[in-house]
Amino acid sequence: MNVVLLGPPGVGKGTAAARLAERFHLPHISTGDVFRKHIAEKTALGVKARDYVDSGILVPDDLVTDMVRPELVKAGSGFILDGYPRTLAQAKALKDFARIDFVLNLSAPIKTVVERIKGRGAGRADDNPEIIMQRIREYEEKTSPLIDLYRNEGMLFDIDSTQDVEGVVQQCIAVLEEKNG
Ligand code: AMP
């Protein structure tokens, strides 16, 4: 089962993805986590991605796709993908190297997600108010068109993410169990 989690920053994709990966025994692939690891280790990719990530701007499509393609090929059939695709170009590229079965669209009002990010204790470099708004603008402009794309393909399921993590995870599990049999 190949699952994509879609949603604005702060909606809880990362936490939900980790829980679903555990529940269904699938690898959790988070492009944000992979970038942060590369940046911390100062790899060539990390050096290229750093300024984008720090300023809350999407990393260029080719760079992200080149990074994620081998991960998905390695995972084969079965993954929880969190943070990819985030643009129409990425969605198009993804079609050529992986099959997607379900897209879970985690949604909550912008006000709610901003408050949640501000409440995160970990202190990610891109969790300051100005950068949060930039990340949300990127989401609205470049990522939100994917909702209609996947809805029209019949693979999108809406998850009410105004609920707490447990509620969100349970909704996701219910959809996946029902659809995947
Ligand atoms: P996240 O942890 O998912 O919020 O991602 C953190 C940052 O990594 C984003 O603000 C982007 O700069 C970058 N990033 C992660 N995934 C992608 C993607 N699919 N396309 C472009 N940039 C990405």
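Only the coordinates and a few stated rules stand behind these numbers; no lab work does. In this text the structure is predicted, and so the values were computed from the model without any measurement.
Just a few scattered comments:
- Close amide H partners of ILE159, meaning residues 5 or more places away or on another chain with modelled amide H under 5 Å apart, are ASN105, LEU106, SER107.
- Legend: residue pairs LYS42/LYS74; LYS48/LYS111; LYS92/LYS142; LYS13/LYS142; LYS13/LYS118, Cα-Cα distance threshold 20 Å; pairs beyond threshold, LYS42/LYS74; LYS48/LYS111.
- Scalar couplings 3J(HN,Hα) for the stretch 147-164, obtained by applying the Karplus form with A = 6.51, B = -1.76, C = 1.60 to θ = phi - 60°, are 4, 5, 4, 6, 5, 5, 8, x, 10, 9, 10, 7, 10, 6, 9, 7, 6, 6 Hz; x denotes Gly and Pro.
- For the chain, the convex hull spanned by the alpha carbon atoms encloses 112 Å³ per residue.
- A straight chain from ASP164 to ASN152 at 0.36 nm per residue would run longer than the Cα-Cα distance by 1.5 nm.
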